[in-house]
Number of protein chains: 2
Amino acid sequence: MLSRIIFVAVFLMMSFHLCLAQDGQIEEVAPGIWRVHFGQTEVFTPDRFREKDICTESLAGLPEPGELPFKLEEIQCQIRQARTIVYIPCDEPEEQIYGFGLDSGAYEQKGLRKYLTVSAQSIGKTGSSHGPVPFYTSTKGYGIYVDTARVPFVHVARLSAKASISASKVNDPSSETTEIKTTVEELYAARAAEGRTEVVFDIPGAAGIDVYVFAGPEIKQAVQRYNLFSGGGVVPPLWGLGMKYRNYGGGNKDTVMEVANSLRKFGIPCDMLGLEPGWQTAAYSCSLKWSDDRFADHDAFVDKLVGMGYRVNLWEHAYIHPSSPLFEPLKDKSGDFLVWGGLVVDFVNPEAFNIFSEYHGKNFIDHNITGFKADECDREFVDNATPFNYPYCSTFGSGIDGDQMTQMYGYLYQRSILRAFKQRNLRTWSDVRATCGLSSPMPFVLYSDSYGFNEYLRQLVNSSFTGLLWSPEVREAGSLEELLNRVAMSSYAHQMCLNPWFVPNPLWTQYDRGKNERGELLDNAGQEKVADAFTRIINRRMSLIPYLYAAYYEYYLQGLPPLRALVMDFPDDKKLRRVDDAFMFGAALLVAPLKENASQRTVYLPAGCRWYDLNADIWREGGNEVQISLTPGEVPVFVKENSIVPFATPVEFVADDTVFALTVKVFGNTPVDLTLYADDGISWNFEKGEYNQIKLSWKDGKGSVQETGPYQKKRYEIISWEQK
Amino acid sequence: MLSRIIFVAVFLMMSFHLCLAQDGQIEEVAPGIWRVHFGQTEVFTPDRFREKDICTESLAGLPEPGELPFKLEEIQCQIRQARTIVYIPCDEPEEQIYGFGLDSGAYEQKGLRKYLTVSAQSIGKTGSSHGPVPFYTSTKGYGIYVDTARVPFVHVARLSAKASISASKVNDPSSETTEIKTTVEELYAARAAEGRTEVVFDIPGAAGIDVYVFAGPEIKQAVQRYNLFSGGGVVPPLWGLGMKYRNYGGGNKDTVMEVANSLRKFGIPCDMLGLEPGWQTAAYSCSLKWSDDRFADHDAFVDKLVGMGYRVNLWEHAYIHPSSPLFEPLKDKSGDFLVWGGLVVDFVNPEAFNIFSEYHGKNFIDHNITGFKADECDREFVDNATPFNYPYCSTFGSGIDGDQMTQMYGYLYQRSILRAFKQRNLRTWSDVRATCGLSSPMPFVLYSDSYGFNEYLRQLVNSSFTGLLWSPEVREAGSLEELLNRVAMSSYAHQMCLNPWFVPNPLWTQYDRGKNERGELLDNAGQEKVADAFTRIINRRMSLIPYLYAAYYEYYLQGLPPLRALVMDFPDDKKLRRVDDAFMFGAALLVAPLKENASQRTVYLPAGCRWYDLNADIWREGGNEVQISLTPGEVPVFVKENSIVPFATPVEFVADDTVFALTVKVFGNTPVDLTLYADDGISWNFEKGEYNQIKLSWKDGKGSVQETGPYQKKRYEIISWEQK
């Protein structure tokens, strides 16, 4: 590091360069978590706007922290006129790095240059995404979080410092080239960086930084610590685990009611209905005012849907149209640029935050609205001429810079909305198109307008490293096979959502977009066939709700993500390090979706145990690749040996008083216990301990149940036990 | 602008935000050019590293400056902690904006967000390119240059300031939406920014800025002023206007000699031969030392090529391999990171600059090398894991920041090389993969590894706005037709270059890459056919060398680019505002290349005059679209009515004493005079006035020639006059 300091000698007529290379102030903030502080901590960072405190108690309950592969003192920083640079050791050749948020382009991060800007569009492997997070974790068993709302460049162990070059190499003819390459690929081939490499965070605009280090011993525990540092994982409302269907953008209350009736008629399970922009008098930007034209008697209409078992979600974006009741109150509490002619809310201003929050509470949440979908809080596409974001140089009265606001706008929006729900002791399950670090406690699921199958799947896997939720919305598909595979992948995601907002008729009445638009619907038998296929897929998800809910509770209590990259659960199996198209769904299920319109795929089963193939009803050996053939819409799912998985009888929707009838399946002879969680499913009382733990055990060929806790109502009924 | 100031009120616990909104200090630096200065001028900018002084005299000779559509005082600036923001009025609905360098993705710039980073790859319409230049020009007849080596975001009249919203709109129900859109395109449709819009330059890292304003009255004159401000356009060596052929990357002196012989055998005109990385002992990074293995007796070998009429160009990149003789001397004068294990030269350090320059002079230029090709001085691809650039946070002993060095590395490299040539009173014609603003005087032509036909053509057109030269290198093609069309387009570019470096045998012996690699060559007749097609195309270029040389002289003397976007020459024809696939080649020729493998295309001929179709030998009316059908390899070219164009008998190469035999063609009855320029073609003596002007006139059915100037030798011989 010394060379960097030496070379900052001032050479020409430099007057304003502030060059400091410094050691950090190290402080242990919780067991296995350290802060390394440099310079002037920024005012506007995710940590300063955290939703919840650090879960100190839960952290104390985690396994003993593993040893770090470097000393905290080796993390170095340089603060210059217009940037802060952090250097973190990362020089083990075998080491691999994961994380950086909802990256659709890259899984293995070592050797890449990241540019962690919030963006509506992926750009190569830069990590620009709906949820860029300056957190990474290493196969050496630690995690690093850099607390910034600036847009960092991150050079992931890809650079050779000049200081690393050994003197013996200089003038050494044996290092000369003997063979000349004749392809670009060869010429540009990645050359292992020489000497001691580092992860370099280059943070323009910052004059200091807090770096947090999370101990392992493995990736899993480092991620758990990050999530508990963030305030713990979210517990969704129980109904949030069902299916969400978003309605026709050009529709009105009649088209929505048609969908609502059709879903129930066909018996397609559905918990949530989303209304698109047209519920308002104006969009883009948003009036946030019901349209009496398209949605007359909206309160009664919403109540009717609620009576049918639906929860209602409203699309919006936080750019306030001049005709909105919020315009005047927010006019002086917003940025200096407009987006689509609407105000950009200065959510850092507590008054603006409250005004926005209270408006949603009084006008919507108090009228049975249970969620929102916040669109376009990310940054616009690079080739789109429409300005749907304010510039990085925007100013806000609160003093936050435009770049920081861009990075945190979706997050601050979430906090404002969540406040209104919390004040009413209600949970929500909402959608948002952008978020930042420390989002683990937020009941908002990320989604995207882009739509590549492999990218969707990679995002699902990547989201698990950084406390993000991902909804691979089903929209268009090239064929029925692809449609069903997309629905099937969605059914194993954090949120299951069908979003055919562009077609006027329900998706199962005609899945071909053009024909749907022209009203050329399938005949009855055809509609039934599609609806049945949907129902089969969704029923599988509905049957796993108790199991998935338990996984979310582990997320809340222990920071363990409900869906996980395979490297997290099987750190010793190096073959998994490149697997970005399969994941753990809870503790027991390995899910490896069929892609595109395929009916086959290869799945590598982790070594160390057997796996029960749920589709073929057979055991398979771990440490092997298996070829799977299925019908599109089916999902290759494998149960880890010695697991207990309860399957519920599917319900059409989750009512507040739903009791799940469980068939508990036992896989293997010495299964580990599984704990289910029972609570009211809708309030925050669980945070005060109002939940029960229901431990399912299997011993000597017999299952047993042990329920503890203060919650009084019944949530589960066990029908039978089966062993595989 | 007031609102911006007001809203910067400090809100929370802000202590370090430096907020200044300020008026600029205005100074006229030359007739029709003003500097508006804000804050602290940066130390490292193109202006501080200019190659040549402002051409004050030439500027005084330009037409009277046009009136600006805004007052200079309206250009405002805000300097904040980590960025400088400049606001420039641009609020005429009819106005269109062009420029920003070698943009391959966008032509019309209004409404776009640019991110002017040097990059090996275009990213959408952001303007990231090999030559991003913070200069733009407007159809309202002015130009703006922002003198920075930082990476600016530019918001081109795309943002509505909150201050622009009119009070009457607030709570106005008539502004509400009546119809809801149901396609993403409609929802995101560009909405004309409301109120007064601006071009906003957001420059992270700067604490002040110089903005230069160039008067018109039209785009053409604004561009001329910019080029003269840059020091005037380059005059190439005469031989630089011929064809350059780059050799096989895996080859040696034998393969190069085979090409050299084959070219002459087939009579394909060629002036320059390029040697690829393997001329050295090591690449990537570069030893810059001849390989005795592949190029034994290199001096004699080069001399032999020179004797055959070739000029020799060496590939390199400015990353210094440990085995290079330059390594030790530059070790302490280079950045703190390595690229491909090589040093990044600190060209800002005068010693490093000289060491690099002198090494090239003594080792290569003194040994008959006439040019270099500097690869990879741009920034690596976003999805390429290979680090072929140092990070923005690099430090250099000179004090220049890594972002500034990245933006200027190619430019500073050019200056170092050029110095060595100038010291020897020799011109060069070299290649470089990156440059910055104020590059007009540089004899270096940009090229790219990417290869889209339309992008190539758009870059050729765009380059004309900002003093750049562009070489659309011919590499692979999907068919013989496409190959010939690519060769043909290249023949009307700033540099004509065939670069099939990946095939071991000459391109005309086999144009199919795979077959060429496998040695499956065409039969003799087939080779002749391809060679003849090449020769026909290249001969046309060779015949236009005197005309093109004159155009470069106009560039030098008047700042008028030799190739020009059509809007520059025909500002009144609004139909041309979107034409990014045709251009003026000198004053008289409109060139509209056939694209891809097409044999047809549509060409819009500017209104106001007739056009002589050189291929069909007929006059065509202006103000019309015409359908052109030709054989691939031919180029639709149209001569503006009342022009004089001399056509030379093609030579195989341009020797120092070449005398061009001219057939002067006159198009129309009252042609404007054309001035040719004669000089030694190789030295800088023309800068001391050692050149002749040869005025060609046509009156009353008779041509006349008037030669003035001190140059003693004969360069042109007029054989005949013809009138069309």
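Only the coordinates and a few stated rules stand behind these numbers; no lab work does. All values reported here derive from a predicted model rather than from experimental measurement. Positions of Cβ are backbone-derived with ideal geometry, glycine not excepted, and every protein chain shown enters the neighbour counts.
To the nearest Å, what is the center-to-center distance of the stretch B:33-84 and the stretch B:566-619, using C-alpha atoms only?
33 Å
Would you mind getting me the FRET efficiency between residue A:688 and residue A:627? Use the beta-carbon distance for r and R0 = 35 Å, nearest 0.05.
0.10
Could you give each residue of the stretch B:682-699 its phi-based ³J(HN,Hα) in whole Hz, using Karplus coefficients 6.51, -1.76, 1.60 with θ = phi - 60°, and x for Gly or Pro?
With coefficients 6.51, -1.76 and 1.60, one gets 10, 10, 9, 4, 4, 5, 9, x, 7, 8, 10, 9, 10, 8, 9, 10, 9, 8 Hz.
Which is the longest part of chain A that has none of the GluC sites (Glu not before Pro) sitting in a DSSP loop with at most 13 other Cβ atoms within 10 Å?
With GluC sites (Glu not before Pro) excluded where exposed in loops, chain A gives A:180-519 as its longest stretch.
Return the long-range amide H neighbours of residue A:619 (sequence gap of 5 or more, or a different chain), with a cut-off of under 5 Å between placed amide H atoms.
A:613
Apply 1/(1 + (r/R0)^6) to the Cβ-Cβ distance of residue B:94 and residue B:57, taking R0 = 51 Å, and write down the FRET efficiency to the nearest 0.05.
0.90
Just tell me which lysines come within less than 17 Å, Cα to Cα, of residue B:695; anything on the same chain fewer than 8 places away is out.
B:665, B:713, B:714
Whose amide H sits under 5 Å from the amide H of residue A:661, counting only residues 5 or more places off or on another chain, with H placed in the peptide plane?
Under 5 Å from the amide H of residue A:661 lie the amide H atoms of A:649, A:717, each far enough along the sequence or on another chain.
Normalised by the number of residues in chain A, what is the relative contact order in percent for Cα pairs under 8 Å and 6+ residues apart?
13 percent
Could you give the size of the charge dipole of the stretch B:494-572 about its Cα centre, using +1 on the Cβ of each K and R and -1 on the Cβ of each D and E, expressed in debye and rounded to the nearest 20? Before the final figure, lay out the partial values.
Working: 8 positive and 9 negative charges, 19 e Å.
Roughly 80 debye for the stretch B:494-572.
Using θ = phi - 60° and the Karplus curve 6.51 cos²θ - 1.76 cosθ + 1.60, what whole-Hz ³J(HN,Hα) does each residue of the stretch A:352-362 get, with Gly and Pro shown as x?
4, 3, 6, 4, 5, 5, 5, 4, 5, x, 6
Using Cα pairs under 8 angstrom and six or more residues apart, how large is the relative contact order of the stretch A:421-524, in percent?
Dividing the mean separation by the residue count of the stretch A:421-524 yields 18 percent.
With θ set to phi - 60° and the Karplus curve 6.51 cos²θ - 1.76 cosθ + 1.60, what are the ³J(HN,Hα) couplings of the stretch A:629-645 in order, to the nearest whole Hz, using x for Gly and Pro?
The phi angles translate into 10, 9, 7, x, x, 7, 10, x, 10, 10, 9, 5, 4, 6, 10, 10, 10 Hz.
List the lysines whose alpha-carbon lies under 23 Å from that of residue B:574, not counting same-chain residues fewer than 8 positions away?
Reachable lysines: B:110, B:125, B:140, B:220, B:640.
Provide, in order from the shortest bin, the percent of all Cα-Cα pairs of the protein assembly as shown in each 20 Å bin, continuing until the bin that contains the maximum pair distance.
9, 34, 35, 18, 3, 0
DSSP loop (so not H, G, I, E, B), at most 15 other Cβ within 10 Å: list which trypsin sites (Lys or Arg not before Pro) in the stretch B:76-174 pass both filters.
Qualifying residues, ordered by number: none.
Cut-off under 16 Å on the C-alpha distance; same-chain residues fewer than 8 positions from residue A:699 excluded. Which aspartates and glutamates are left, in chain and number order?
A:641, A:673, A:722
Once you place label points 7 Å from the Cα toward the Cβ at residue A:659 and residue B:300, how far apart are they in nm?
A separation of 10.2 nm, rounded to one decimal place.
Taking H placed 1.01 Å from N in the peptide plane, check which residues at least 5 places from residue A:445 or on another chain put their amide H under 5 Å from its amide H.
For residue A:445, whose amide H was placed from the backbone, the distant partners under 5 Å are A:430, A:431, A:432.
Quote the FRET efficiency, to the nearest 0.05, computed for residue A:480 versus residue A:574 with a Förster distance R0 of 56 Å and r equal to the Cβ-Cβ distance.
Numbers: r = 39 Å, r/R0 = 0.69.
FRET efficiency, residue A:480 to residue A:574: 0.90.
Can you give me the distance in nm between label points at residue B:702 and residue B:23, each placed 7 Å from the Cα along the Cα-to-Cβ direction?
So the label points at residue B:702 and residue B:23 sit 6.3 nm apart.
Note down the nm distance, to one decimal, between modelled labels 7 Å out along Cα→Cβ at residue B:669 and at residue A:174.
8.4 nm
Could you work out the relative contact order of the stretch A:644-723? I mean the mean sequence separation of Cα pairs under 8 Å and 6+ apart, divided by the number of residues, in percent.
35 percent
Using the alpha carbon gyration tensor of chain B, what are the three equivalent-ellipsoid semi-axes (square root of 5 times each eigenvalue), largest first, in whole Å?
Semi-axes, largest first: 41, 33, 25 Å.
Can you show me the helix-derived [θ] at 222 nm for chain B, built from DSSP H runs with n ≥ 4 at -39,500 (n - 2.57) apiece and divided by the number of residues, rounded to the nearest 500.
-6500 deg cm²/dmol, from helical runs alone.
May I ask you to compute the full-extension gain from residue B:64 to residue B:186, defined as 0.36 nm times their residue separation minus their alpha-carbon distance, rounded to one decimal in nm? Please report the intermediate quantities before stating the final value.
Numbers: separation 122, 0.36 × 122 = 43.92 nm, distance 4.52 nm.
Working it through step by step, the gained length comes to 39.4 nm.
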